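The values are calculated or read from the model by the stated rules, or taken from the named source; none is laboratory data. These figures come from a predicted structure and were not determined experimentally. FYI the Cβ positions are ideal-geometry reconstructions off the backbone, even for glycines, and counts take in every protein chain you see.
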Amino acid sequence: MQIKVIPCLNDNYSYLIFEKETNTVSIIDPAEYIPCEQELAKYGKLDFILNTHHHFDHVDGNLKLKKKFDAKILGFHLDKKRIPGIDILLEDNQETSIGNLKFKVIFIPGHTSGHVAFYFKKENVVFTGDTLFSLGCGRVFEGTHKDMFSSLNKLKRLPLETKIYCGHEYTKKNLDFCLKYDPSNLDLQKKAKSVISNNAKKSPNIPTVLEEELKTNIFLRCCDFKVKEALNLQHSPEEEIFTKLRDLKDAF
Ligand code: ZN
Ligand code: FE
(Lines give C-alpha, C1' and ligand atoms only; values in the text may rest on other atoms or scores of the structure.)
(Ligands and ions follow the chains in the order given, each with its own letter.)
Protein backbone atom coordinates (compact mmCIF):
# COMPACT_ATOMS: atom_id res chain seq x y z
CA MET A 1 0.00 0.00 0.00
CA GLN A 2 1.46 3.31 -1.04
CA ILE A 3 -0.16 6.43 0.39
CA LYS A 4 0.40 9.86 -1.07
CA VAL A 5 -0.72 12.93 0.86
CA ILE A 6 -2.41 15.52 -1.37
CA PRO A 7 -2.78 18.92 0.32
CA CYS A 8 -5.99 20.63 -0.81
CA LEU A 9 -7.77 23.94 -0.07
CA ASN A 10 -6.35 25.70 3.02
CA ASP A 11 -5.67 22.80 5.33
CA ASN A 12 -7.35 19.69 3.91
CA TYR A 13 -5.65 16.41 3.13
CA SER A 14 -6.84 14.08 0.41
CA TYR A 15 -5.03 10.76 0.09
CA LEU A 16 -4.11 8.71 -2.95
CA ILE A 17 -3.74 4.98 -2.35
CA PHE A 18 -1.86 2.86 -4.87
CA GLU A 19 -1.98 -0.92 -4.71
CA LYS A 20 0.67 -2.28 -7.01
CA GLU A 21 -0.27 -5.95 -7.54
CA THR A 22 -3.61 -5.18 -9.12
CA ASN A 23 -2.68 -1.65 -10.22
CA THR A 24 -5.57 -0.16 -8.26
CA VAL A 25 -5.69 3.57 -7.60
CA SER A 26 -8.04 5.10 -5.04
CA ILE A 27 -8.59 8.48 -3.46
CA ILE A 28 -9.88 9.15 0.02
CA ASP A 29 -11.91 12.37 0.36
CA PRO A 30 -11.05 14.32 -2.81
CA ALA A 31 -11.41 17.83 -1.45
CA GLU A 32 -10.58 19.47 -4.78
CA TYR A 33 -10.39 18.33 -8.36
CA ILE A 34 -7.17 19.96 -9.59
CA PRO A 35 -4.59 18.78 -7.02
CA CYS A 36 -6.05 15.25 -7.10
CA GLU A 37 -6.13 15.16 -10.89
CA GLN A 38 -2.50 16.31 -11.06
CA GLU A 39 -1.43 13.48 -8.80
CA LEU A 40 -3.57 10.95 -10.67
CA ALA A 41 -2.01 11.94 -13.99
CA LYS A 42 1.07 9.93 -12.92
CA TYR A 43 -1.09 6.79 -12.85
CA GLY A 44 -3.47 7.61 -15.69
CA LYS A 45 -6.38 6.07 -13.83
CA LEU A 46 -8.64 6.20 -10.79
CA ASP A 47 -10.64 3.17 -9.73
CA PHE A 48 -12.27 4.19 -6.46
CA ILE A 49 -13.20 7.26 -4.43
CA LEU A 50 -13.89 6.71 -0.73
CA ASN A 51 -15.67 9.42 1.25
CA THR A 52 -15.54 9.58 5.06
CA HIS A 53 -18.47 12.05 5.19
CA HIS A 54 -20.53 14.41 3.07
CA HIS A 55 -18.95 17.81 3.82
CA PHE A 56 -17.96 19.72 0.68
CA ASP A 57 -14.29 19.87 1.65
CA HIS A 58 -14.23 16.04 1.44
CA VAL A 59 -16.38 15.40 -1.64
CA ASP A 60 -15.92 18.43 -3.89
CA GLY A 61 -13.72 16.51 -6.35
CA ASN A 62 -16.13 13.55 -6.61
CA LEU A 63 -18.13 14.31 -9.74
CA LYS A 64 -15.36 15.68 -11.94
CA LEU A 65 -13.00 12.85 -11.01
CA LYS A 66 -15.71 10.27 -11.55
CA LYS A 67 -16.47 11.73 -14.97
CA LYS A 68 -12.84 11.90 -16.04
CA PHE A 69 -11.73 8.46 -14.79
CA ASP A 70 -14.98 6.52 -14.55
CA ALA A 71 -14.25 5.82 -10.87
CA LYS A 72 -16.69 4.16 -8.48
CA ILE A 73 -17.65 6.18 -5.39
CA LEU A 74 -18.03 4.46 -2.02
CA GLY A 75 -19.73 6.03 0.97
CA PHE A 76 -21.89 5.23 3.98
CA HIS A 77 -25.48 4.23 3.22
CA LEU A 78 -26.93 6.94 5.50
CA ASP A 79 -25.28 9.56 3.28
CA LYS A 80 -26.59 8.21 -0.01
CA LYS A 81 -28.44 11.48 -0.68
CA ARG A 82 -25.55 13.69 0.41
CA ILE A 83 -22.44 12.19 -1.18
CA PRO A 84 -22.29 13.36 -4.80
CA GLY A 85 -22.14 10.53 -7.34
CA ILE A 86 -22.24 7.71 -4.77
CA ASP A 87 -22.30 4.22 -6.38
CA ILE A 88 -21.59 1.73 -3.60
CA LEU A 89 -23.37 1.99 -0.24
CA LEU A 90 -21.33 0.82 2.74
CA GLU A 91 -22.61 -0.58 6.03
CA ASP A 92 -21.13 -0.36 9.52
CA ASN A 93 -18.51 -3.09 10.11
CA GLN A 94 -18.63 -4.11 6.46
CA GLU A 95 -15.42 -5.64 5.16
CA THR A 96 -14.63 -4.93 1.55
CA SER A 97 -11.61 -4.14 -0.59
CA ILE A 98 -10.00 -1.86 -3.14
CA GLY A 99 -7.85 -4.11 -5.31
CA ASN A 100 -6.02 -6.43 -2.92
CA LEU A 101 -6.38 -4.08 0.02
CA LYS A 102 -9.00 -5.21 2.49
CA PHE A 103 -10.60 -2.66 4.75
CA LYS A 104 -13.37 -2.36 7.30
CA VAL A 105 -15.96 0.40 7.57
CA ILE A 106 -16.26 1.81 11.09
CA PHE A 107 -19.31 4.00 11.75
CA ILE A 108 -18.19 6.99 13.85
CA PRO A 109 -21.02 9.55 14.05
CA GLY A 110 -20.74 12.89 15.85
CA HIS A 111 -19.13 15.30 13.39
CA THR A 112 -21.85 14.26 10.95
CA SER A 113 -24.55 11.63 11.31
CA GLY A 114 -23.08 9.46 8.56
CA HIS A 115 -19.36 9.70 9.26
CA VAL A 116 -17.19 6.60 8.81
CA ALA A 117 -13.54 5.60 9.13
CA PHE A 118 -11.77 3.20 6.78
CA TYR A 119 -9.58 0.73 8.61
CA PHE A 120 -6.92 -1.30 6.80
CA LYS A 121 -6.00 -3.86 9.43
CA LYS A 122 -3.17 -5.64 7.62
CA GLU A 123 -1.49 -2.35 6.76
CA ASN A 124 -2.18 -0.80 10.21
CA VAL A 125 -3.77 2.25 8.68
CA VAL A 126 -6.98 4.13 9.45
CA PHE A 127 -8.49 7.12 7.64
CA THR A 128 -10.44 9.12 10.22
CA GLY A 129 -11.80 12.09 8.23
CA ASP A 130 -12.96 14.83 10.58
CA THR A 131 -13.47 12.64 13.66
CA LEU A 132 -9.99 12.01 15.05
CA PHE A 133 -7.30 14.56 14.18
CA SER A 134 -3.68 14.69 15.11
CA LEU A 135 -3.90 16.06 18.70
CA GLY A 136 -7.59 16.84 18.34
CA CYS A 137 -11.05 15.79 17.27
CA GLY A 138 -13.69 17.20 14.97
CA ARG A 139 -16.46 19.58 15.90
CA VAL A 140 -19.78 18.06 16.83
CA PHE A 141 -22.16 19.23 14.09
CA GLU A 142 -24.87 16.66 13.52
CA GLY A 143 -24.55 14.33 16.46
CA THR A 144 -24.27 14.69 20.21
CA HIS A 145 -21.18 14.87 22.37
CA LYS A 146 -22.07 11.38 23.49
CA ASP A 147 -21.94 10.16 19.87
CA MET A 148 -18.55 11.75 19.32
CA PHE A 149 -17.19 10.42 22.59
CA SER A 150 -18.21 6.86 21.78
CA SER A 151 -16.90 7.18 18.21
CA LEU A 152 -13.51 8.24 19.57
CA ASN A 153 -13.64 5.29 21.96
CA LYS A 154 -14.12 2.95 18.99
CA LEU A 155 -10.98 4.36 17.40
CA LYS A 156 -9.09 4.14 20.70
CA ARG A 157 -9.58 0.38 20.67
CA LEU A 158 -7.64 -0.12 17.43
CA PRO A 159 -4.11 -1.56 17.79
CA LEU A 160 -1.59 0.88 19.28
CA GLU A 161 0.59 0.86 16.17
CA THR A 162 -2.26 2.02 13.90
CA LYS A 163 -1.27 4.94 11.68
CA ILE A 164 -3.87 7.70 11.57
CA TYR A 165 -4.54 9.70 8.40
CA CYS A 166 -7.02 12.50 9.10
CA GLY A 167 -8.83 15.08 6.97
CA HIS A 168 -7.12 18.30 8.04
CA GLU A 169 -3.81 19.76 9.17
CA TYR A 170 -4.94 21.29 12.44
CA THR A 171 -2.05 19.94 14.48
CA LYS A 172 -0.45 23.20 15.63
CA LYS A 173 -3.70 24.76 16.85
CA ASN A 174 -4.64 21.46 18.50
CA LEU A 175 -1.22 21.35 20.13
CA ASP A 176 -1.72 24.80 21.65
CA PHE A 177 -5.04 23.68 23.09
CA CYS A 178 -3.61 20.45 24.53
CA LEU A 179 -0.71 22.37 26.08
CA LYS A 180 -3.11 24.79 27.75
CA TYR A 181 -4.96 22.08 29.67
CA ASP A 182 -2.24 19.43 29.94
CA PRO A 183 0.95 21.49 30.33
CA SER A 184 2.94 19.04 32.44
CA ASN A 185 2.55 16.16 29.95
CA LEU A 186 6.11 15.22 28.96
CA ASP A 187 5.01 13.25 25.89
CA LEU A 188 3.11 16.32 24.73
CA GLN A 189 6.14 18.54 25.23
CA LYS A 190 8.19 16.13 23.14
CA LYS A 191 5.49 16.08 20.49
CA ALA A 192 5.47 19.90 20.44
CA LYS A 193 9.05 19.91 19.22
CA SER A 194 8.31 17.63 16.31
CA VAL A 195 5.17 19.59 15.35
CA ILE A 196 7.08 22.87 15.34
CA SER A 197 9.89 21.40 13.29
CA ASN A 198 7.46 19.79 10.79
CA ASN A 199 5.64 23.07 10.39
CA ALA A 200 8.88 24.95 9.80
CA LYS A 201 9.66 22.47 7.00
CA LYS A 202 6.04 22.71 5.79
CA SER A 203 5.78 18.94 6.07
CA PRO A 204 2.53 17.29 7.19
CA ASN A 205 2.16 16.08 10.77
CA ILE A 206 0.47 13.06 9.21
CA PRO A 207 0.31 10.18 9.79
CA THR A 208 0.27 10.14 13.53
CA VAL A 209 0.29 6.86 15.48
CA LEU A 210 -2.50 5.83 17.85
CA GLU A 211 -0.11 5.04 20.72
CA GLU A 212 1.27 8.57 20.51
CA GLU A 213 -2.21 10.09 20.32
CA LEU A 214 -3.30 8.22 23.43
CA LYS A 215 -0.44 9.86 25.30
CA THR A 216 -0.82 13.36 23.89
CA ASN A 217 -4.28 14.05 22.40
CA ILE A 218 -6.30 15.55 25.25
CA PHE A 219 -9.60 14.37 23.75
CA LEU A 220 -8.40 10.79 24.20
CA ARG A 221 -7.22 11.50 27.74
CA CYS A 222 -10.47 12.37 29.50
CA CYS A 223 -9.69 9.76 32.17
CA ASP A 224 -6.38 11.41 33.12
CA PHE A 225 -6.42 12.90 36.60
CA LYS A 226 -4.32 15.92 35.66
CA VAL A 227 -6.65 16.76 32.80
CA LYS A 228 -9.65 16.50 35.12
CA GLU A 229 -7.85 18.68 37.64
CA ALA A 230 -7.05 21.35 35.04
CA LEU A 231 -10.79 21.61 34.34
CA ASN A 232 -11.64 21.52 38.02
CA LEU A 233 -13.84 18.48 37.34
CA GLN A 234 -11.95 15.91 39.43
CA HIS A 235 -15.01 13.79 40.12
CA SER A 236 -16.76 13.95 36.76
CA PRO A 237 -17.15 10.99 34.44
CA GLU A 238 -15.07 10.84 31.27
CA GLU A 239 -17.93 11.79 28.98
CA GLU A 240 -18.48 15.03 30.89
CA ILE A 241 -14.77 15.83 30.65
CA PHE A 242 -14.96 15.26 26.91
CA THR A 243 -17.98 17.57 26.55
CA LYS A 244 -16.24 20.30 28.54
CA LEU A 245 -13.07 20.00 26.46
CA ARG A 246 -15.01 20.08 23.20
CA ASP A 247 -16.88 23.22 24.29
CA LEU A 248 -13.64 24.90 25.36
CA LYS A 249 -12.03 23.97 22.05
CA ASP A 250 -14.97 25.41 20.07
CA ALA A 251 -14.25 28.77 21.69
CA PHE A 252 -10.42 28.48 21.60
ZN1 ZN B 1 -16.19 17.79 7.90
FE1 FE C 1 -13.42 18.81 6.82
Notebook entry, point to check: Can we say Asn100 is on the phi > 0 side of the Ramachandran plot, touching a residue at least 24 places away in the same chain (Cβ under 8 Å) and more than 16 Å from ligand 2 (Cβ to nearest atom)?
Noted result: no
Next item on the list: Name the one entry in Lys146, Lys163 that is basic (Lys, Arg), under 22 Å from Met1 (Cβ atoms) and in contact (Cβ under 8 Å) with a residue 24 or more places away in the chain.
Entry: Lys163
Next item on the list: Would you check which residues across region 111-136 are over 30 Å from Gly99 (Cα atoms) and among the hydrophobic types (A, V, I, L, M, F, W, C) and list them?
Entry: Leu135
Next item on the list: May I ask you to list the residues in region 63-75 that are crowded, with 16+ Cβ neighbours inside 10 Å and of a type outside the set (A, V, I, L, M)?
Entry: Lys64, Lys66, Phe69, Lys72, Gly75
Notebook entry, point to check: Residues of region 198-211 being surrounded by 16 or more Cβ atoms within 10 Å (Cβ to Cβ) and either among the basic types (Lys, Arg) or more than 15 Å from the chain's Cα centre (by Cα) (or both), which ones?
Noted result: Asn198
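Just for strands (runs of 3 or more DSSP E) wholly inside region 75-173: which have at least 3 residues that are hydrophobic (A, V, I, L, M, F, W, C)? Working first, answer last.
Working: elements: 88-90, 95-98, 101-107, 116-120, 125-129, 163-166.
By residue number, 88-90, 101-107, 116-120, 125-129.
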Check: Considering region 12-39 alone, what residues qualify as being within 16 Å of the chain's Cα centre (by Cα) and either away from ligand 1 (no atom under 16 Å from the Cβ) or of a type in the set (Val, Ile, Thr) (or both)?
Finding: Leu16, Ile17, Ile27, Ile28
Margin query: Can you find a residue that is at pLDDT 95 or above, closer than 21 Å to Lys228 by Cα, in a helix (DSSP H, G or I) and within 16 Å of ligand 1 (Cβ to nearest atom) anywhere in region 185-203?
Written below: no
Check: From the list Leu89, Leu78, Leu9, which one is exposed (fewer than 15 other Cβ atoms within 10 Å of the Cβ), at pLDDT 95 or above and within 16 Å of ligand 1 (Cβ to nearest atom)?
Finding: Leu9
Notebook entry, point to check: Looking at this structure, is Thr144 β-branched (Val, Ile, Thr), out of contact with any Pro (no Cβ under 6 Å at 6 or more places or on another chain), modelled with pLDDT of 95 or more and more than 12 Å from ligand 1 (Cβ to nearest atom)?
Noted result: yes
Notebook entry, point to check: Just for region 44-62: of the residues that are surrounded by 15 or more Cβ atoms within 10 Å (Cβ to Cβ) and over 19 Å from the mean Cα position of the chain (by Cα), which one is farthest from ligand 1 (Cβ to nearest atom)?
Noted result: Asp47
Notebook entry, point to check: Within the bounds of region 62-76, is there any residue that is within 16 Å of ligand 2 (Cβ to nearest atom), out of contact with any Ser or Thr (no Cβ under 8 Å at 6 or more places or on another chain) and closer than 23 Å to Asp147 by Cα?
Noted result: yes
Notebook entry, point to check: Could you say which residue among Ile108, Ile83 is over 25 Å from Val209 (Cα atoms) and either buried (at least 22 other Cβ atoms within 10 Å of the Cβ) or in contact with a strand residue (DSSP E or B) (Cβ under 8 Å, 6 or more places away or on another chain) (or both)?
Noted result: Ile83
Next item on the list: Answer yes or no: is there a residue in region 178-185 that is surrounded by fewer than 17 Cβ atoms within 10 Å (Cβ to Cβ) and either of a type in the set (Gly, Ala, Ser) or touching a strand residue (DSSP E or B) at 6+ places or on another chain (Cβ under 6 Å) (or both).
Entry: yes
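To keep it simple, each residue is scored yes or no on (1) free of Cβ contacts under 8 Å to residues at least 12 places away in the same chain; (2) among the basic types (Lys, Arg); (3) farther than 20 Å from Arg157 by Cβ.
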residue	(1), (2), (3)
Leu175	no, no, yes
Tyr181	no, no, yes
Lys193	yes, yes, yes
Asn199	no, no, yes
Ile206	no, no, yes
Val209	no, no, no
Glu213	no, no, no
Asn217	no, no, no
Asp224	no, no, no
